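Structure, as structure tokens:
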There are 2 protein chains.
Amino acid sequence: MAEYLSMEHLKFCLFDVHGFNDLLQYPYFSEYDEESANLLLDGVKDWADTEAFPFFREMDENPVTYHDGKIKVHPQIGKIMSDAALNGWIGAVFDYEHGGLQMPHMLVTSLYHIIESANNHMNGYVGLTSGAADLIRTFGSKELFDLFVPSMMEGKWGGTMCLTEPQAGSSLSDITTTAYRQEDGRFKVKGQKIFISGGDHQYCENFVHLALVRIEGAPKGTKGISLMVIPKYRWNDAGDLTYNDVITAGDFQKLGQRGYATTHLVFGEQNDCYGWLVGAENMGLPYMFQMMNGARIDVGLTAASTASAAYYASLQYAMERPQGRKLSRDGKKNPEEEQTLIINHPDVRRMLLFQKSVIEGSLSLLLECTRYADLAHVAEGQEKEDALDLLEFLTPIAKTYPSEKGIDAVSQGIQVLGGYGYTMDFPLQQYYRDIRIMTLYEGTTGIQSLDLLGRKMTIKNGRLVQLMVEKVSATIRDAKTYDDLKPYAIILAEKLKDIEGVMSHLLPYAMKGNYERFLADATIFMEMVSTVIIAHQWLKMAVKAKEGLITGKMRFSTDFYESKIHTMRYFFKYEVPRVDSCKMTILNPEELTLPLSELKVFI
Amino acid sequence: MAEYLSMEHLKFCLFDVHGFNDLLQYPYFSEYDEESANLLLDGVKDWADTEAFPFFREMDENPVTYHDGKIKVHPQIGKIMSDAALNGWIGAVFDYEHGGLQMPHMLVTSLYHIIESANNHMNGYVGLTSGAADLIRTFGSKELFDLFVPSMMEGKWGGTMCLTEPQAGSSLSDITTTAYRQEDGRFKVKGQKIFISGGDHQYCENFVHLALVRIEGAPKGTKGISLMVIPKYRWNDAGDLTYNDVITAGDFQKLGQRGYATTHLVFGEQNDCYGWLVGAENMGLPYMFQMMNGARIDVGLTAASTASAAYYASLQYAMERPQGRKLSRDGKKNPEEEQTLIINHPDVRRMLLFQKSVIEGSLSLLLECTRYADLAHVAEGQEKEDALDLLEFLTPIAKTYPSEKGIDAVSQGIQVLGGYGYTMDFPLQQYYRDIRIMTLYEGTTGIQSLDLLGRKMTIKNGRLVQLMVEKVSATIRDAKTYDDLKPYAIILAEKLKDIEGVMSHLLPYAMKGNYERFLADATIFMEMVSTVIIAHQWLKMAVKAKEGLITGKMRFSTDFYESKIHTMRYFFKYEVPRVDSCKMTILNPEELTLPLSELKVFI
């Protein structure tokens, strides 16, 4: 069987780099230990080997179909829903009292990484059901929980998040799906939602849509948005499930992720669709952002996982495919010599190291995020607040970096295979199609970048950034204690200062009220900051690897630990210089994407 | 009808920037003038509007099929072959005495650009037939010409280039297709070729394969490669066409360009396949490089053209799709305000300007290359040699930059559309798949980069680079005469110096015989140099635009000329800084993709 991820790297990140075991000191997680975590992950790997990986090409070749209002997905979707329920994955992070496993997010994310690497078309069905159930659990009443969540945790009912409408994509203030209060206090809903992942299929009896709606008479804009549960089938007075007037109007045919349904839903065409308000009126957006933030991390994870599978496919090819010869001292090749494997060509190694550095750096960042999610849950006081703030700061980066660079990584994977990479005979072309959506899901790169520069850098008087700077500085201090890591620590400290310099250049625009100018290059700023953040992950990994090599306390081989340091060096030589080019662009005073009224530049 | 290229930009490059009219002073081109060139291009645009553009999605959705040894392509392939013959496009650059039109390469390339932008699946069939005919004309005997070329010019016989074999992709020294000399002096051929574009279809009666083979007993390596014509049907003694034992063994199914056949050919399975030697024995590689160099320019052109079509598709969407609101002075949005078009969001403009700068810069470079191809043909003495040298220098760049950055440009085109860009309802996803092959065709980016750094920078004692530097310096001088272009001229001069600095760093490795180290970062060097070369194109375009604005001698509107200067400024702010990050990487002394024997970094 072909490999699709490195279990070693996953465990290295989990246990060595991000201190999973420290987390277990919190009583909430007292039933977990390293051994059980290892067993769980190895079990999931076995499951993915047989139930997920063998089907990823089939799901592409025989994609989701839509016919007569019905969506049909691959049979393995039925398998993952039932196995996820059986294993408790759907409500894994819930308290025991809610039927959950009190599993750390770090572990759930690790588990998802294995499944997503094996097959990026499957886990979304589980993840969305889990996220939707969590949203009801967090903000809904006990009544609402009892009505919907148990069936979701059993995998019988699927969950979704419904935000986008045909006329309102990234701009949520324009949603028009409307809830009308009835005389009995209930709400009837009318409207349409598009791009709803996992919105329907034959393996769930019911679908529980968590939808943003506008209650009739609510204020305009995002302040008038409420969160509602809109099931496809509702309980009637007799206690039976009855159709709730939710039409599946279509399935979007996509470039990739073709095994993952992307539906078009119509609520209330027969004026018989009821919705259940979650929490308070007009609080929909802040509520939804709990699920949205989780979904953003999941998208980053799916991107890193898809790129991981592509990396291992190209690595395998490079280690098996002979072609060309090494150069001899005079720069010529000797045709008498045997062909060499393509992995021995420096440019092929460069492409592979690029992929490796992107994927492994991304996974490390994602696990750091989930560690903060866990601390935000179980810690208290300052520690909890710090964790929440760090998670908030890192979320747009953890969504964007793996997506943007993951696309580049998979593209390099194709390039490693040469012409074969472009043929349907190899899986690279599929990964290339699959991963392309990740910069679009759950807020495009442009939206994430506005969030980073326009909110996360400035809210709470810059406290979020300050906390991040402290974390990076601590790693820099640690790295400086090792002679051979010191040069990289110094570079990272410089780049951190560069971010400061860029902010001093940009903030005056905001202070003068010129927000457009302040935010015009937000996406370049995102590339700059995210490169520094991943450089930080690499330095942190190198420190942990160094510690292992020196103390001899190593989970894996010496080569494994040395390869982490090597990849860190790769990242600093080949990727970190982008920080400088981004800086040059941002500091450049020219205003070329403004003023907004001038269209003639596109003549 | 949707737009897919800018005829204005094409004509601006042709007439204003690269002086098509100057070329006409050579008697060889005396039958051409600006008016006839304009008429020709407008006529081709009309043709492409009706015969090419309406079919590009159909060719993707109903791709080339292979069944029982037969390839079936879309009916419009028949149309383009016959219309190309009718209009004289196939032998357009040939002398009148060879039945050609003595058309400047600049004009042929312009014509191809229109067709490729309209539909990138069609023109390859014409271009390869034309290139193969040209190869026979240049190096073959009159007898060979008469046997094959007239039917090719009539579009009845298709032409191909056959290099790749299953065991030898980029490494041509390993080809094993063998020609056996018969007692009558003829050659029988045995072997296989893969990835042969346009290698078979139902609209040509015969296929004329220009193949690299090894004559039995030839020296090993590239020195033992000969060029042969291997037709699918040969003339027998009775003067009839008889089957030449060339089997079409398959058609590769690809990620994109699905209307363009990519065949697998088997020669001589029944030991009845004859080949005709072109020119001298063992001279195959240098001969083939005439066609290969032309094909490399064509790949760059197809990339720029595909990216052009994607750009106009995303521009149209951006100008029609309302979404979100402008930021007000306090950074908030007013939901009472009407939605704005997405083109008014700075980040969307940035993505559009990126696409525009890549596509228009690429086209300008490609037309400069074809100008040199024309001069190499009609000029004499020093001028001819200079043109040849400049063309040789620019060819790997003109192939690589449009391909590499064209992929990024199309990806940004998807991003402009948001989620819709990922659906099959819009053409962006197709362009994204189509363009991905351009970095692989006719020598991957890695191969082009080795050619640039390892050969073009050093041969003739650096004379090629020197010539290029003189050209760039002349533009810098011109630009410095305009106050508002001067700052960009100064930057370009600095970047030119940066290349020099990087070479001083790298050359000692080559001198000490460490070629592997010298070439290890060739691909980064390519990115650096090609960015400078495109920056040069932009400065040159800005100078010409400025001249037009000042003198009032303008073919198009003032806005058009100002938009060139605007896009130049975009390129200098957003793209030129990459030169610096590439420089940092190359000057970094770490050796991370060497030594070749160490595989453990991928553990």
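Taking residue B:359 as the residue in question, decide whether it is in contact (Cβ under 8 Å) with a residue 24 or more places away in the chain, more than 8 Å from chain A (Cβ to nearest Cβ), more than 24 Å from the chain's Cα centre (by Cα) and open to solvent by less than 20 Å² (accessible area, probe 1.4 Å). No: the conditions fail for residue B:359. Listed by position, the helices (runs of 4 or more DSSP H) enclosed by the range B:1-89 that each have at least 2 residues that are open to solvent by 40 Å² or more (accessible area, probe 1.4 Å) are B:20-23, B:34-51, B:56-61, B:75-86. Does any residue of the range A:276-293 turn out to be within 11 Å of another protein chain (Cβ to nearest Cβ), touching a Ser or Thr at 6+ places or on another chain (Cβ under 6 Å) and open to solvent by less than 10 Å² (accessible area, probe 1.4 Å)? No: zero hits. Suppose the filter is more than 18 Å from the chain's Cα centre (by Cα), open to solvent by less than 10 Å² (accessible area, probe 1.4 Å) and aromatic (Phe, Trp, Tyr); does residue B:422 pass it? When the stated conditions are applied, residue B:422 passes them. Taken over the range A:271-300, the criterion of being in contact with a strand residue (DSSP E or B) (Cβ under 9 Å, 6 or more places away or on another chain) and among the polar types (S, T, N, Q) is satisfied by A:271, A:282.
Just one of the listed residues (B:510, B:489) is small (Gly, Ala, Ser), within 14 Å of chain A (Cβ to nearest Cβ) and assigned to a helix (DSSP H, G or I), namely B:510.
Residue count for the range A:366-394 satisfying the condition of being out of contact with any Ser or Thr (no Cβ under 8 Å at 6 or more places or on another chain) and either modelled with pLDDT under 95 or not hydrophobic (A, V, I, L, M, F, W, C) (or both): 14.
Being within 30 Å of residue B:359 (Cβ to Cβ) and either modelled with pLDDT under 95 or surrounded by fewer than 24 Cβ atoms within 10 Å (Cβ to Cβ) (or both) is true for just one of B:161, B:122, B:103. Which residue is that?
The unique qualifying residue is B:103.
Taken over the range A:95-136, residues that are farther than 27 Å from residue A:438 by Cβ and either within 22 Å of the chain's Cα centre (by Cα) or of a type in the set (S, T, N, Q) (or both) amount to 1.
Within the range A:334-344, the set of residues being more than 7 Å from chain B (Cβ to nearest Cβ) and open to solvent by 30 Å² or more (accessible area, probe 1.4 Å) comprises A:334, A:337, A:338, A:341. Considering only residues that are within 13 Å of another protein chain (Cβ to nearest Cβ), touching a residue at least 60 places away in the same chain (Cβ under 8 Å) and in contact with a Lys or Arg (Cβ under 9 Å, 6 or more places away or on another chain), which ones fall in the range B:519-530? B:520, B:521, B:523, B:524, B:527, listed by residue number. Screening the range B:381-419 for residues that are away from chain A (no Cβ under 14 Å), among the acidic types (Asp, Glu) and farther than 16 Å from residue B:451 by Cβ and picking the one that is least open to solvent (accessible area, probe 1.4 Å) gives B:386. Counting the residues of the range A:262-275 that are open to solvent by 20 Å² or more (accessible area, probe 1.4 Å) and within 27 Å of residue B:61 (Cα to Cα) gives 1.
Against the condition within 25 Å of the chain's Cα centre (by Cα) and facing chain B (nearest Cβ under 7 Å), how does residue A:593 come out, does it pass? So residue A:593 does not fit the description; no.
From B:191, B:155, which residue is in contact (Cβ under 8 Å) with a residue 40 or more places away in the chain, assigned to a strand (DSSP E or B) and either farther than 16 Å from residue B:292 by Cβ or β-branched (Val, Ile, Thr) (or both)? After ruling out the rest, the residue left standing is B:191. Comparison of B:270, B:257 shows that the only residue that is outside any helix (DSSP H, G or I), within 14 Å of another protein chain (Cβ to nearest Cβ) and of a type outside the set (Phe, Trp, Tyr) is B:257. Would you confirm whether or not the range B:297-313 contains a residue that is open to solvent by 40 Å² or more (accessible area, probe 1.4 Å) and over 25 Å from residue B:59 (Cβ atoms)? Looking for residues that are open to solvent by 40 Å² or more (accessible area, probe 1.4 Å) and over 25 Å from residue B:59 (Cβ atoms), one finds none in the range B:297-313, hence no. Within the range A:217-261, which residues are open to solvent by 70 Å² or more (accessible area, probe 1.4 Å) and within 21 Å of residue A:177 (Cβ to Cβ)? A:217, A:220, A:223, A:233, A:243 - these are the residues of the range A:217-261 that are open to solvent by 70 Å² or more (accessible area, probe 1.4 Å) and within 21 Å of residue A:177 (Cβ to Cβ).
Here's the yes/no breakdown for (1) facing chain B (nearest Cβ under 10 Å); (2) open to solvent by less than 30 Å² (accessible area, probe 1.4 Å); (3) in a loop (DSSP other than H, G, I, E, B); (4) out of contact with any helix residue (DSSP H, G or I) (no Cβ under 6 Å at 6 or more places or on another chain):
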| site | (1), (2), (3), (4) |
| --- | --- |
| A:548 | no, yes, no, no |
| A:556 | yes, no, yes, no |
| A:562 | yes, no, no, yes |
| A:566 | yes, yes, no, no |
| A:570 | yes, yes, no, no |
| A:584 | yes, no, no, no |
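Do we find that residue A:347 is away from every other protein chain (no Cβ under 12 Å) and touching a helix residue (DSSP H, G or I) at 6+ places or on another chain (Cβ under 9 Å) in this structure? Taking the combined requirement at face value, the residue does not satisfy it. The test for being of a type in the set (Asp, Glu) and modelled with pLDDT of 95 or more does not hold for residue B:591. Looking only at residues of the range B:495-511 that are of a type outside the set (A, V, I, L, M, F, W, C) and touching a helix residue (DSSP H, G or I) at 6+ places or on another chain (Cβ under 9 Å), we find that the one that is most open to solvent (accessible area, probe 1.4 Å) is B:500. For the range B:230-241, the criterion of being part of a strand (DSSP E or B), within 14 Å of chain A (Cβ to nearest Cβ) and at pLDDT 95 or above is met by none of the residues. Within the range A:369-380, being within 30 Å of residue A:428 (Cβ to Cβ) and surrounded by fewer than 24 Cβ atoms within 10 Å (Cβ to Cβ) holds for no residue. The set of residues in the range A:425-441 being open to solvent by 10 Å² or more (accessible area, probe 1.4 Å), more than 16 Å from residue A:318 (Cβ to Cβ) and under 25 Å from the mean Cα position of the chain (by Cα) consists of A:437, A:440, A:441. With respect to the conditions (1) more than 24 Å from the chain's Cα centre (by Cα); (2) crowded, with 24+ Cβ neighbours inside 10 Å, residue B:174 lacks only one, and its number is (2).
Would you tally the residues in the range B:194-212 being assigned to a strand (DSSP E or B) and either over 25 Å from the mean Cα position of the chain (by Cα) or more than 26 Å from residue B:137 (Cβ to Cβ) (or both)? Spell out the reasoning first.
Here is the first cut: in the range B:194-212, the residues assigned to a strand (DSSP E or B) are B:194-197, B:206-212.
Narrowing further to those that are either over 25 Å from the mean Cα position of the chain (by Cα) or more than 26 Å from residue B:137 (Cβ to Cβ) (or both): B:194, B:206.
Matching residues across the range B:194-212 total 2.
Counting the residues of the range B:572-582 that are more than 7 Å from chain A (Cβ to nearest Cβ) and in a helix (DSSP H, G or I) gives 4.
The values are calculated or read from the model by the stated rules, or taken from the named source; none is laboratory data. Owing to the predicted nature of the structure, the values given are computational and were not obtained by experimental measurement. Glycine also receives a Cβ, built like all others from the backbone with ideal geometry; neighbour counts cover every protein chain displayed. When the accessible area is computed, the model is the full protein with side chains, heavy atoms only, and any ligands, DNA or RNA have been set aside. Shrake-Rupley method; radii C 1.70, N 1.55, O 1.52, S 1.80 Å.
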